[in-house]
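Working notes for the structure below.
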Amino acid sequence: PYLGEKRETDGRPRVVAHRGASALQPEHTLAAYTTAFDLGVDGIECDVRLTADHHLVCVHDRRADRTSNGKGVISTLELARLEELDWASWKALDDGTDPEEADSDPGRGRILTLRRLLDSLTSQRQELLTLIETKHPTRYGGLVERQLVTALRDFGLTSGDLPQMPHARVMSFSLLALVRMRGLAPRVPLVYLVEQSTPRLSWDGSLPAGVDIVGLDMRIVRRTPALVRAHQRRGHEVYVWTVNDPEDVERCADLGVDVIISDRPRDVMALLD
Ligand code: G3P
Ligand code: CA
């Protein structure tokens, strides 16, 4: 069981590290998440994709090309192949880490599976909001959601009503993915991700049945702050992504959003303190 303590935020928005502390470390690597934990973030965000042999791995893009030294579509590659690739060296370090020290860590460039992330997360001493986004899950007939629920259950993260547990939330741009999750894990809170191109985007703050958290694109919040208020009036929690600009941090704080998702959690926390 998880025995961490809840971090007090004194009413300020909670700060979530987007793809880990991804401005400082290669996104979605274990180093990105351990750096985020060390910074004292309130939570982490990660994207999950299915490999050809049905493992969930933490990768944003459809292809391996941008964030590894390999090529190919993730869903067509087996985990063993992804383990052979280097997922760190594409990004230069800008956090002052000695590159030689970073290079001497043999696990640094390893692909991160969801299970390895959850293992690291549940060994932390503080309670962390855990936001897991399913990417393009509609193609696999519910397999992404089934694998995700199995992993959450194995790590004790599906009982959202137990106060000591880290708070897992599943997020998606796909309504179908959220409906499937609701059926499989009724107690895991769901976040409906909304961007300008969301079909039938509602401007009155309504959300699909069974969902009471909205994840808003910062660009929408800039243009239409009234949408934040509309959700708040309906009692929804409001998460905003991806908030890196100091002016946007201030806007979010003024609007009283619940969660700021940022590549630069260190800077955001400094601004909010
Ligand atoms: O937190 C939601 C946000 O991550 C959605 O956009 O493209 O960064 O996954 P993306
Ligand atoms: Ca994401």
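Under 6 Å by Cβ, and 6 or more places apart or on different chains, what pairs join a residue from segment 115-132 that is in contact (Cβ under 8 Å) with a residue 24 or more places away in the chain with one that is crowded, with 16+ Cβ neighbours inside 10 Å and of a type in the set (Phe, Trp, Tyr)?
Final answer for the pair search is 118/155; 122/2; 122/155; 124/37.
Quick one: would you say residue 264 is touching a residue at least 40 places away in the same chain (Cβ under 8 Å) and within 16 Å of ligand 2 (Cβ to nearest atom)?
Yes, satisfied.
Pick from 215, 210: which is touching a Phe, Trp or Tyr at 6+ places or on another chain (Cβ under 6 Å) and of a type in the set (Gly, Ala, Ser)?
215
Among what's in segment 215-265 and is within 16 Å of the chain's Cα centre (by Cα) and part of a helix (DSSP H, G or I), pick the residue that is surrounded by the most Cβ atoms within 10 Å (Cβ to Cβ).
Step by step, filter segment 215-265, then rank; the result is 265.
Tell me which residues, restricted to segment 204-214, are touching a residue at least 24 places away in the same chain (Cβ under 8 Å), surrounded by fewer than 18 Cβ atoms within 10 Å (Cβ to Cβ) and either in contact with an Asp or Glu (Cβ under 8 Å, 6 or more places away or on another chain) or among the small types (Gly, Ala, Ser) (or both).
Correct list: 206, 210, 212.
Hey, can you tell me all the residues within segment 105-136 that are in a loop (DSSP other than H, G, I, E, B) and either crowded, with 18+ Cβ neighbours inside 10 Å or within 16 Å of ligand 1 (Cβ to nearest atom) (or both)?
Across segment 105-136, the qualifying residues are 108, 109, 110, 111, 112, 127, 128, 135, 136.
Which of the numbered conditions does residue 57 fail, given that it passes all the others? Conditions: (1) in contact (Cβ under 8 Å) with a residue 60 or more places away in the chain; (2) buried (at least 24 other Cβ atoms within 10 Å of the Cβ).
The single condition residue 57 does not satisfy is (1).
Find all pairs meeting these conditions: Cβ atoms under 6 angstrom apart; at least six residues apart or on different chains; first residue within segment 237-256 and within 11 Å of ligand 1 (Cβ to nearest atom); second residue modelled with pLDDT of 95 or more and hydroxyl-bearing (Ser, Thr, Tyr).
From residues that are within 11 Å of ligand 1 (Cβ to nearest atom), the pairs are 243/262.
The values are calculated or read from the model by the stated rules, or taken from the named source; none is laboratory data. Just so it is clear, the model here is predicted, and its values are computed rather than measured. Heads up, the Cβs are rebuilt from the backbone with ideal geometry, glycines too, and the neighbour counts pull from every protein chain shown.
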